[in-house]
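Everything below concerns the one structure shown next.
The values are calculated or read from the model by the stated rules, or taken from the named source; none is laboratory data. Remember, predicted model here, so these are calculated numbers, not experimental data. A quick note on method: Cβ atoms are made from the backbone with ideal geometry, for glycine too, and the neighbour counts reach across all protein chains shown.
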Amino acid sequence: MENKNRLDLNTELMVLNMGPSHPATHGTVRFFLKLDGEKVVHMETEIGYLHRGFEKHCENGTWTQAFPFTDRLNYCSAPQNNVAYALAVEKLLGVTDKVPPRAVYIRTIMCELSRMADHYTNLGAATLELGALTAFIYFVEARELTWDLIESVCGARLTSNYIRVGGLASDLPEGFAARVKEVFAKNRVFWDEFDKLLTHNRIFLDRMRDTGGISRADAISYAFTGPCLRAAGVEYDVRKAFPYLAYRDVDFDIPIGTTGDNFDRYLVRMEEIKQSMRIVEQCLLQLPSGPININDASVRNPSKEDGKTYMESMIFHFKNTIEGIQVPKGEAYVATEGTNGEVGFYLVSQGGGKPWKCRVRPPCFALTQAIGHMCTGHYLSDIIPTFDMINLIGGECDR
């Protein structure tokens with residue numbers, strides 16, 4: 001009789017709203033959950049709590065005035081957004097091959113330093129949310145040292161506004177290569193300590209392995225790119241598939257996973273940090289001398305010295321600032337390999353000093369749409385590492 005009564009119990013699924021004010025959803029995402037106990041039966045993801053209006057802001061300013069807005073897409077790796085936008089504008093102008101080699105190499109260095117800083121932030125914060133405070137401190141220190149390098153180049157740690165159409169805002173500071181060598185030596189020690197603490201840690205493995213997995217076919221279907229796609233076993237990296245900047249001139253490996261779970265995403269990002277150091281070191285060894293800006297005053301603002309000396313330079317300085325760079329009519333799309341995947345800019349010009357259309361392809365949007373698929377059948381606690389390992393950045397996902 002007792003067993004019969006248990007079978008007759010009237011049970012219902014628990015409906016739970018997780019976010020958008022939940023600390024683990026970072027304030028911009030809401031998960032609508034149906035739970036059977038603590039197991040996720042159904043999960044809907046809703047973004048749309050930021051409303052930054054990035055693309056419309058870009059369309060209401062000159063081509064150059066868009067750079068500070070691009071910083072605020074993935075603000076953990078701002079130079080990468082600067083580069084993607086600059087490459088798209090340069091493609092419209094037809095000056096891609098005219099950018100000086102030194103500027104190309106410095107752009108590559110800044111992209112990889114920001115990739116490292118972003119991975120340090122992601123992995124450190126993710127482990128903190130699983131209770132690993134000591135590991136978090138190691139990678140925050142590594143990130144701060146990397147940000148010191150970025151700050152020494154452009155004067156800012158987070159939102160750099162460093163890249164310009166046709167070149168750069170400034171050259172590398174004196175002694176930069178020596179400083180990089182010193183920082184990388186420390187960061188490799190931090191990487192080893194972080195690895196020892198977590199990679200074979202039983203608690204960490206239980207929280208990460210076999211959770212949030214996605215198959216190779218589903219990852220492609222959801223338009224995954226970046227570490228999350230490579231963790232599922234797909235060897236796609238824009239730097240290799242469609243080389244840009246100095247990536248065709250340096251040697252680096254693409255780490256690939258097998259299961260597509262949270263632990264594979266962790267391993268892929270850990271290895272990418274080492275590969276980024278490798279790329280930066282090669283770029284510094286091969287760094288050419290010469291100018292850092294295209295020699296065309298109608299594209300890149302002339303130097304202050306030229307503006308004070310030559311009337312033509314002063315005229316272009318005023319015209320570029322007030323009217324904007326005059327970009328011919330056309331459209332262009334350029335894809336780059338951001339920290340979280342493909343960052344692409346689609347720009348349309350009707351001829352003039354402002355973009356007529358600015359559209360960005362952010363990697364986080366495609367990754368976020370699949371989180372319900374990845375978490376269904378797992379437990380409520382598994383949402384945290386899964387959400388951490390797609391590394392959602394609200395500024396690019398909800399533009």
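Tabulated results
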item: Residue in the range 332-339 that is hydroxyl-bearing (Ser, Thr, Tyr) and more than 28 Å from Leu172 (Cα to Cα) present; result: yes
item: Yes/no for Phe316 being over 27 Å from Phe242 (Cα atoms), aromatic (Phe, Trp, Tyr), crowded, with 17+ Cβ neighbours inside 10 Å and at pLDDT 95 or above; result: no
item: Matching residues in the range 285-315 - criterion: being of a type outside the set (Ser, Thr, Tyr) and more than 34 Å from the chain's Cα centre (by Cα); result: Glu305, Asp306, Gly307, Lys308, Met311, Glu312, Met314, Ile315
item: Looking only at the range 355-399, and only at residues there that are of a type in the set (A, V, I, L, M, F, W, C) and part of a loop (DSSP other than H, G, I, E, B), the one that is surrounded by the fewest Cβ atoms within 10 Å (Cβ to Cβ); result: Trp356
item: Residue that is modelled with the lowest pLDDT [pool: residues in the range 278-296 that are buried (at least 20 other Cβ atoms within 10 Å of the Cβ) and not β-branched (Val, Ile, Thr)]; result: Asn293
item: Odd one out for Val299 among (1) at pLDDT below 95; (2) closer than 19 Å to Ala78 by Cβ; (3) assigned to a loop (DSSP other than H, G, I, E, B); result: (2)
item: Unique residue being over 24 Å from the mean Cα position of the chain (by Cα) and buried (at least 19 other Cβ atoms within 10 Å of the Cβ) when the list is Val343, Val334, Val327; result: Val327
item: Test result for Val89, closer than 25 Å to Arg361 by Cβ, in contact with a Leu (Cβ under 7 Å, 6 or more places away or on another chain) and part of a helix (DSSP H, G or I); result: yes
item: Residue list for the range 360-399, restricted to those being among the basic types (Lys, Arg) and within 17 Å of Leu50 (Cβ to Cβ); result: Arg399
item: Yes/no for Asp306 being part of a helix (DSSP H, G or I) and surrounded by 21 or more Cβ atoms within 10 Å (Cβ to Cβ); result: no
item: Some residue of the range 324-333 being part of a helix (DSSP H, G or I), more than 30 Å from Ala117 (Cα to Cα) and not charged (D, E, K, R); result: no
item: Yes/no for Tyr247 being among the hydroxyl-bearing types (Ser, Thr, Tyr) and crowded, with 20+ Cβ neighbours inside 10 Å; result: yes
item: Cross-chain or 6+ apart pairs with Cβ under 7 Å, the range 196-208 first and assigned by TED's automatic domain parsing to the domain that holds Arg269, then loosely packed, with under 15 Cβ neighbours inside 10 Å; result: Leu197/Thr134
item: Residue list for the range 342-399, restricted to those being touching a Gly at 6+ places or on another chain (Cβ under 7 Å), farther than 18 Å from Asn74 by Cβ and of a type in the set (D, E, K, R); result: Lys354, Asp382
item: Within the range 133-212, helices (runs of 4 or more DSSP H) holding 1 or more residues that are surrounded by 15 or more Cβ atoms within 10 Å (Cβ to Cβ) and among the β-branched types (Val, Ile, Thr); result: 133-154, 176-198
item: Check on Arg179, among the charged types (D, E, K, R), out of contact with any Ser or Thr (no Cβ under 6 Å at 6 or more places or on another chain) and modelled with pLDDT under 95; result: no
item: Flag for Thr259 being surrounded by 17 or more Cβ atoms within 10 Å (Cβ to Cβ) and either of a type in the set (D, E, K, R) or more than 16 Å from the chain's Cα centre (by Cα) (or both); result: yes
item: Residue under evaluation Tyr75, criteria (1) over 15 Å from the mean Cα position of the chain (by Cα); (2) among the aromatic types (Phe, Trp, Tyr); (3) surrounded by fewer than 24 Cβ atoms within 10 Å (Cβ to Cβ), criterion not met; result: (1)
item: Residues of the range 100-119 that turn out to be touching a strand residue (DSSP E or B) at 6+ places or on another chain (Cβ under 7 Å) and crowded, with 24+ Cβ neighbours inside 10 Å, as a count; result: 3
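Residues checked against (1) part of a loop (DSSP other than H, G, I, E, B); (2) over 19 Å from Thr108 (Cα atoms):
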position: Asp253; (1), (2): yes, no
position: Gly257; (1), (2): yes, yes
position: Phe263; (1), (2): no, yes
position: Met270; (1), (2): no, yes
position: Met277; (1), (2): no, no
position: Val280; (1), (2): no, no
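A quick yes/no check of all residues on (1) of a type outside the set (Phe, Trp, Tyr); (2) closer than 24 Å to Ile294 by Cβ:
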residue	(1), (2)
Glu90	yes, yes
Glu112	yes, yes
Arg115	yes, no
Tyr120	no, no
Glu141	yes, no
Ile150	yes, yes
Arg157	yes, no
Leu168	yes, yes
